[in-house]
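Starting off with a structure, shown below.
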Amino acid sequence: MNLMWDYLSDADNWTGSGGIGDRILEHLMLSLGALLIAALIAFPIGLMVGHGRRGDDVPITLGAIGRLVAPLGIFCYFALKIDTGNDAVLLGLVLLAVPPMMTAAYTGIRLVDAAAVESARAAGMLPSQILRSVEVPMALPDLVEGVRKSTRQVVAMAAVAAFVGADGLGRLIIDGQSDEFRSYGMVATGGVLIAILAVLLDAIIVAVGHHFTSPGLTRRFRAPADRPTSASAPGAGPVSTYPTMPPPAPEP
């Protein structure tokens, strides 16, 4: 801990090319770029498959493959085919981020209440309107959860990508173990900052998701004690009750 604090408290480590500030920005841009590209691929496919009830094998298969494939192997493959650096890593991160998002989109749409969909269809809504105005809003918690899973995975694996020459906070971990630096404070700083970045992004995604999600889907209900339960409450109407059988008459 003292070594990490000594590294963080040195102002020279924060400025210039390769400083902590640059590494945080590089890691953030690489992760957000991969997540954006993955969302543009995964969500349309997952939503259309879940809405059309056809092609279920696509998100299921991709989800299984995404859990089995080794991320470092993907990075090494693209590094050999393209070149070491951010371009190869970006493609690898996109492949890692697509399965959780696609599975979440497909599952969320399939689990939408069928009665709500039938009511919208009976009201004369077109299939595209049902998807946009009914299914997607009701599946939004699942979509947010898919983004959260992909974000945690991408932020963590972007550090591993430093093995193939990518920028970001992973460089602090790799370079800190090299003979040139031999700084364990540098290594610890990289690991801690990656964890903090993942937690902050997750909190932002949760906050944005709650803002755009219907209160009924986020279980944000008033407590029973806050609801009017009797006619004596201000502004409360008569309380309806079910009829009950009268108590039995006492025996003589």
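The values are calculated or read from the model by the stated rules, or taken from the named source; none is laboratory data. Computed from a prediction, not measured in an experiment: that's the story for all the values here. Note that we place each Cβ from the backbone using ideal geometry, even for glycine, and neighbour counts take in every protein chain shown. Protein only, heavy atoms only, side chains kept; ligands, DNA and RNA dropped before computing areas. Shrake-Rupley method; radii C 1.70, N 1.55, O 1.52, S 1.80 Å.
Can you find, within region 97-116, the residue that is surrounded by the most Cβ atoms within 10 Å (Cβ to Cβ) among those that are under 17 Å from the mean Cα position of the chain (by Cα) and either β-branched (Val, Ile, Thr) or farther than 28 Å from ALA156 by Cα (or both)?
Ranking the candidates gives VAL98 first.
Within region 1-46, can you find the residues that are polar (S, T, N, Q), within 22 Å of the chain's Cα centre (by Cα) and modelled with pLDDT under 90?
Residues satisfying the conditions do not exist here.
Right, another one. Looking at GLY146, GLY168, GLY185, which one is assigned to a helix (DSSP H, G or I), closer than 25 Å to PRO71 by Cα and open to solvent by less than 70 Å² (accessible area, probe 1.4 Å)?
Result of the check over GLY146, GLY168, GLY185: GLY146.
Exactly one condition in (1) crowded, with 18+ Cβ neighbours inside 10 Å; (2) among the β-branched types (Val, Ile, Thr); (3) at pLDDT below 80 is not met by ILE82; state its number.
(1)
If VAL187 meets every condition in (1) under 30 Å from PRO141 (Cβ atoms); (2) at pLDDT 50 or above; (3) over 25 Å from the mean Cα position of the chain (by Cα) apart from one, which number is that one?
(1)
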